[in-house]
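Down below is the structure, laid out as structure tokens.
The values are calculated or read from the model by the stated rules, or taken from the named source; none is laboratory data. Keep in mind the model is a prediction, meaning the values are calculated, not measured. Cβ sites come from the backbone with ideal geometry, for glycine too, and all protein chains shown count toward neighbours. Note: areas computed on protein heavy atoms with side chains; ligands, DNA, RNA excluded. Shrake-Rupley method; radii C 1.70, N 1.55, O 1.52, S 1.80 Å.
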Amino acid sequence: MESATATRPGPLPAWVAALVPLLLVVAAVAAFAALDGPGLGERRGPPAEELAVERTVLRPGVIELTVRNDGPDAVRVAQAQVNDAFAQFSGAEEPIGRLATATVRLRVPWIEGEAYEVALLTSSGGTITHEIPVAVETPAKDLSFFALMALLGVYVGVIPIALGMLWLPWVRRMPPGWLRVVMALTVGLLAFLAIDATLEGLELAGEGSQAFGGATLVFVGAAVSFLLLSGVSAWLARRRAAARREGTAGAELALLIAIGIGLHNLGEGVAIGSAYAVGALALGAFLVIGFALHNTTEGLAIVAPVAEANPSLRRLAILGLVAGAPAVAGAWLGAAAVTPAAGAFLFGFGAGAIAQVIVQLAPTLRDRAGRTLDPATVGGLLAGMAIMFATGLLVSI
């Protein structure tokens, strides 16, 4: 007698049966749209017009705004004002459809260092305003510009982390009890980075188009990276099963920490590149010194898990590049017109990766009694967050 749970063969394959409801939904929606919403009656009230300014470019005598239609209805720009004075403009002659973009070029003899408020008036009488706190000419994006972005990424990402990894000989000489404190310090550093990346992403998400999810993109990016890095961790654990210690081998932890820090530095590089592209970044020795002190501690976080091992110089160099080089790529991306929505997703991606690394590091904080938060580790956690906060005061983008 066959089991009652056995599946009965049907006339259609299983994938066809799964596809039929979806096709019916698509057909119903298409019919509803083709018939112009039967039964809803005539629409009342003015159109819902929303434009989000995603990028500002300043050239001599020209202010250029890249706008995206963030609302449900098409928008046509009828007039433009700069500081309450009407200005001639070109672009956006045709209505801008939902989620579509257009570039509005205003011919204005702007003065460097002055503040400007741009108002775009729609054909239905709506007003979209955008503020330029300090007018600075947008740098030309030639080869020298991207070389400068690469140099800046090396200064704030690669070199500080490489210098921080020089703490490895000192960490090796620590007693096991003090090594737990250093691991707690590492977790404190990473926790501060995760919080900082989340706040940066939320702030950036509020500046651009909300139609793609706004602040939700930060949390979506965090969830995606957390799950991806969890998969990477499981894969590494299977490959190095013989080298596991307290759930995760030191080499695996070092690589995961480097990846998490690298993703955070990618978002940091995006912020630097986009700020410089609009003239809002003051390049100078103070900025470089501030980032060097701020990011040097990240090198300590990478070498702490391999203190008892004997990693080769090649492995250490790879870990340093994994953590620091994304700052260069991020600066390029930010300078090449990354939208606020994409930047918010990247910041969330970095925050989620760091959160997953913290989960992997947590078992290394336990003492012989199985306690994680004893006075020593709590002191290390607080010290790590305090160091990142103090050095972060030296950095201003």
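Note on segment 224-270: among residues that are open to solvent by 10 Å² or more (accessible area, probe 1.4 Å) and of a type in the set (Asp, Glu), the one that is modelled with the lowest pLDDT is Glu246. Inspect all residues belonging to segment 332-343 and state whether any of them is touching a residue at least 40 places away in the same chain (Cβ under 8 Å), more than 20 Å from Ala215 (Cα to Cα), open to solvent by less than 10 Å² (accessible area, probe 1.4 Å) and among the small types (Gly, Ala, Ser). Yes. In the set (1) loosely packed, with under 13 Cβ neighbours inside 10 Å; (2) touching a Leu at 6+ places or on another chain (Cβ under 8 Å), the condition left unmet by Arg180 is number (1). Considering only segment 32-47, I want to know if a residue exists there that is open to solvent by 40 Å² or more (accessible area, probe 1.4 Å), touching a residue at least 24 places away in the same chain (Cβ under 8 Å) and more than 27 Å from the chain's Cα centre (by Cα). Yes - at least one qualifying residue is present in segment 32-47. Gly201 fails exactly one of the following numbered conditions: (1) outside any helix (DSSP H, G or I); (2) surrounded by 21 or more Cβ atoms within 10 Å (Cβ to Cβ). What is the number of that condition? It is condition (1) that Gly201 fails.
All conditions in (1) modelled with pLDDT under 90; (2) open to solvent by less than 40 Å² (accessible area, probe 1.4 Å); (3) within 21 Å of Pro133 (Cα to Cα) hold for Gly97, with the sole exception of (3).
Given Thr138, Thr129, Thr122, which one is closer than 20 Å to Gly208 by Cα and free of Cβ contacts under 8 Å to residues at least 60 places away in the same chain?
On the way: Thr138 fails: free of Cβ contacts under 8 Å to residues at least 60 places away in the same chain; Thr122 fails: free of Cβ contacts under 8 Å to residues at least 60 places away in the same chain.
Selected residue: Thr129, the only one of Thr138, Thr129, Thr122 that is closer than 20 Å to Gly208 by Cα and free of Cβ contacts under 8 Å to residues at least 60 places away in the same chain.
Residue-level check: of (1) in contact with a strand residue (DSSP E or B) (Cβ under 6 Å, 6 or more places away or on another chain); (2) polar (S, T, N, Q); (3) more than 21 Å from Thr339 (Cβ to Cβ), Thr103 misses just (3). When Ile111 is tested against (1) modelled with pLDDT of 85 or more; (2) within 32 Å of the chain's Cα centre (by Cα), exactly one condition is not met: (2).
Rundown of residues vs (1) more than 23 Å from Ser124 (Cα to Cα); (2) touching a strand residue (DSSP E or B) at 6+ places or on another chain (Cβ under 6 Å); (3) modelled with pLDDT under 85, yes/no style:
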position: Leu35; (1), (2), (3): yes, no, yes
position: Glu50; (1), (2), (3): no, no, yes
position: Leu58; (1), (2), (3): yes, no, no
position: Leu65; (1), (2), (3): no, yes, no
position: Arg68; (1), (2), (3): no, yes, no
position: Asp73; (1), (2), (3): no, no, yes
position: Arg76; (1), (2), (3): no, no, no
position: Gln79; (1), (2), (3): no, yes, no
position: Ala85; (1), (2), (3): no, no, no
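Do the conditions hold for Val181, that is, is it of a type in the set (Val, Ile, Thr), under 17 Å from Leu263 (Cα atoms), assigned to a helix (DSSP H, G or I) and touching a residue at least 12 places away in the same chain (Cβ under 8 Å)? Show your work before the answer.
Working: of a type in the set (Val, Ile, Thr): yes; under 17 Å from Leu263 (Cα atoms): no; assigned to a helix (DSSP H, G or I): yes; touching a residue at least 12 places away in the same chain (Cβ under 8 Å): yes.
Here the answer is no, as Val181 does not meet what is asked.
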